[in-house]
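Below is one structure, written out as structure tokens; comments come after it.
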Amino acid sequence: MKTPAEYYQRDRQWHAPALTPEYKTSVSRAPSFPLLSLEQSASEITGPSFRNDDINPGDNDLLHNYATAGESAIGERIILHGRVLDENARPVPHVLVEIWQANAGGRYRHRKDGYLAPIDANFGGCGRTLTDDQGYYVFHTVKPGAYPWRNWVNSWRPAHVHFSVFGTSFSQRLITQCYFEGDPLIARCPIVQTLKDPAAVDQLTAALDMNATIPLDSIAYRFDIVLRGRRATYFENRPEGG
Amino acid sequence: MAQRLDYLKETPSQTAGPYVHIGLAPGAAGFDIYAQELGWDIAGPHAAGERIRVEGLVTDGTGSPVKDVLIEVWQANAAGHYAHPEDPGGTEEGFRGWGRVITDFDTGEWGFDTVKPGPVMGRGGRLMAPHLNLWIVARGINIGLNTRLYFDDEADANAADPVLGLIEWESRRDTLIARREIRDGAPVYRFDIRLQGADETVFFDI
Ligand SMILES: [Fe+3]
């Protein structure tokens, strides 16, 4: 009997720790015991898959997926695109990518968001797509606005898009946020600063991608996503101690 | 300097924030956008096994309910197989084994309906007791928390489970055991998750 190939362990010093007091909400929600490290079994190596009939083709067009026919969302029109890769730099095809974001004024369409910026009647704020054969995805949307939030009295989130990504195993499940090159609020954000390595912040910052813009229509940002990679070989099972 | 390895780094996680529902459960955020939301039907109509309900509450270090949490579940079917190409066992048509649930905004209570999974073959040919794999995200959680739900009516299997056996403090193993009750003739398992504190749920680095 063989154990399926495992995924590389997560680099917990690259990710944020659970307890990050500058981001105040983490203080009461961070586990105080260390995580128990688990060698992977079928429960971790398998994961859900999604098909084309789970979603609709227009779900990745946030300019129009909630708009009245003939209208579109207000704001700076952007193409947000990239590839989902693994740590071995191989594309991850046919996986579900979901995003959500504030509108161009920094307001979320959510019953709990009471920010004074107005709701855009033509903008829902969510989209989803499956990566193609090469791991590529694309969204059409507006650049979200910065918004204030209650951490310190004068805390502002940089413009960001929330990303939820599936791989092929439940252990690759990831939620993250995409920021935009050049935003001076990135360096001031306590949520961004939960990451200790500046290179980790860079990895969350989408690059202006002039080659992918549509002239006279939309500007483009490139955001590649890397999921955990997998060992190349299957390992013979060893009896475990105990 | 040694040569550079050409591996990429995993994209760092960031909190799901308070508005995770917009992206992953927009109906709950208060608007209707997709023809179908994903993750509401875990087992499908044809799955064998006992139909069960699972309910719980996530509490923080002060004991307060966490009302903006989102939980995903990943499970095997009653025969112990996952709906995944690498599981040779196969699953019933319509069985996805994956679900997504959010809490009631007022109470923090969550719940979902599924079938009870069977034991799953683990490492070294050792069977793992029936369990659900859970992944928990919320505002204030910087990287999703993984845990497992086991069933209190599987005492013998739980006692032999290699993952529960890894938990050094026997008292903490109890944090992963859901309690069965019968409500209106149907089985309901209660599984409260405590993010922090003396009776904190065991979370895994998988
Ligand atoms: Fe946000």
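Observations, loosely collected:
- If you check B:ILE33, B:ILE22 for being surrounded by fewer than 22 Cβ atoms within 10 Å (Cβ to Cβ), facing another protein chain (nearest Cβ under 10 Å) and of a type in the set (Val, Ile, Thr), only one passes: B:ILE33.
- Failed criterion for B:ARG148 (all others in (1) more than 10 Å from every other protein chain (Cβ to nearest Cβ); (2) touching a residue at least 40 places away in the same chain (Cβ under 8 Å) hold): (1)
- Test result for A:ALA199, in a helix (DSSP H, G or I), aliphatic (A, V, I, L, M) and either farther than 24 Å from A:GLU87 by Cβ or more than 16 Å from the ligand (Cβ to nearest atom) (or both): yes
- Test: residue in the range A:128-146 that is within 8 Å of chain B (Cβ to nearest Cβ), in contact with a strand residue (DSSP E or B) (Cβ under 6 Å, 6 or more places away or on another chain), under 27 Å from B:GLU10 (Cβ atoms) and more than 11 Å from the ligand (Cβ to nearest atom): yes
- Selection from the range B:1-18 of residues that are among the hydrophobic types (A, V, I, L, M, F, W, C) and either at pLDDT below 95 or over 26 Å from the mean Cα position of the chain (by Cα) (or both): B:MET1, B:ALA2, B:LEU5, B:LEU8
- Test: residue in the range B:49-64 that is within 17 Å of the chain's Cα centre (by Cα), surrounded by 17 or more Cβ atoms within 10 Å (Cβ to Cβ), in a loop (DSSP other than H, G, I, E, B) and in contact (Cβ under 8 Å) with a residue 12 or more places away in the chain: no
- Filter result for B:ASP68 (among the acidic types (Asp, Glu) and surrounded by fewer than 18 Cβ atoms within 10 Å (Cβ to Cβ)): no
- Test: residue in the range A:187-195 that is assigned to a helix (DSSP H, G or I) and out of contact with any helix residue (DSSP H, G or I) (no Cβ under 9 Å at 6 or more places or on another chain): yes
- Flag for B:ASP87 being in contact with a helix residue (DSSP H, G or I) (Cβ under 8 Å, 6 or more places away or on another chain) and either at pLDDT below 95 or away from the ligand (no atom under 16 Å from the Cβ) (or both): yes
- Pairs are defined by a Cβ separation below 7 Å, a sequence spacing of at least 6 or placement on different chains, a first member in the range A:153-169 that is more than 16 Å from the ligand (Cβ to nearest atom), and a second member that is small (Gly, Ala, Ser); the pairs so defined are A:PHE166/A:GLY47; A:GLY167/A:GLY47; A:THR168/A:GLY47; A:SER169/A:GLY47.
- Considering the conditions (1) in contact (Cβ under 8 Å) with a residue 24 or more places away in the chain; (2) more than 9 Å from chain A (Cβ to nearest Cβ), B:MET1 is excluded by exactly one of them, (1).
- Annotation note: of B:GLU168, B:GLU200, the sole residue that is exposed (fewer than 15 other Cβ atoms within 10 Å of the Cβ) and either within 13 Å of the chain's Cα centre (by Cα) or more than 17 Å from B:TRP110 (Cβ to Cβ) (or both) is B:GLU168.
- Count of the range A:65-119 residues which are away from the ligand (no atom under 14 Å from the Cβ), of a type in the set (Ser, Thr, Tyr) and at the interface with another protein chain (Cβ under 10 Å from one of its Cβ atoms): 1
- One residue stands out in the range B:125-145 among those that are more than 8 Å from chain A (Cβ to nearest Cβ) and surrounded by fewer than 23 Cβ atoms within 10 Å (Cβ to Cβ): the one that is farthest from B:THR11 (Cα to Cα), namely B:LEU127.
- Per the listing A:ASN56, A:ASN60, A:ASN122, the residue uniquely facing chain B (nearest Cβ under 9 Å) and either among the β-branched types (Val, Ile, Thr) or more than 15 Å from the ligand (Cβ to nearest atom) (or both) is A:ASN56.
- The range A:1-54, subset among the aromatic types (Phe, Trp, Tyr) and touching an Asp or Glu at 6+ places or on another chain (Cβ under 8 Å), residue farthest from B:ARG123 (Cα to Cα): A:TRP14
The values are calculated or read from the model by the stated rules, or taken from the named source; none is laboratory data. Just so it is clear, the model here is predicted, and its values are computed rather than measured. Reconstructed Cβ throughout: ideal geometry from the backbone, glycine too, with neighbour counts over all protein chains shown.
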